[in-house]
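Before any comments, here is the structure.
Computed from the coordinates by the stated procedures, all read-outs in this text should not be read as laboratory data. Please read these numbers as outputs of a predicted model, since none were measured by experiment. Glycine also receives a Cβ, built like all others from the backbone with ideal geometry; neighbour counts cover every protein chain displayed.
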Amino acid sequence: MKREDILKVYEAGPEAVIKLAGTLNATIFEQSEQITALQERVKALEDQLNKNSRNSSKPPSTDGFIKPKSQRQKSGMPVGGQKGHAGHTLKMVGEPDRLRNPGACGKGDQAASG
């Protein structure tokens, strides 16, 4: 309601003010009931959303995918090979048995006869 509307009701007399107050009171009561009903519905929907196979009789297949967190503890050791270990790699040879040339025949990574 605008200020002008309220002033018109005031000028109309006490009965008009009482009638307006009753109308406003009824509106507030209706809105209060609606708010309570909506709060109950929100709570029911949140409870339904929070159910899973661990806290209800729902089967595990209805649970959404949740990536499990790793239970591995950090050891504090550096990653990679141990210090001082020689390692193993393939040695280059002077005369290879076969050559690979991925783009030569157009068939990808197949051995090319040489």
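A few notes on this one:
- Answer from Gly64, Gly94, Gly80 - the residue that is without any contact (Cβ under 8 Å) to a residue 24 or more places away in the chain and on the phi > 0 side of the Ramachandran plot: Gly80
- Scan of region 47-94 for residues that are surrounded by fewer than 10 Cβ atoms within 10 Å (Cβ to Cβ) and outside any loop (DSSP other than H, G, I, E, B), ordered by number: Gln48, Leu49, Pro60, Ser61
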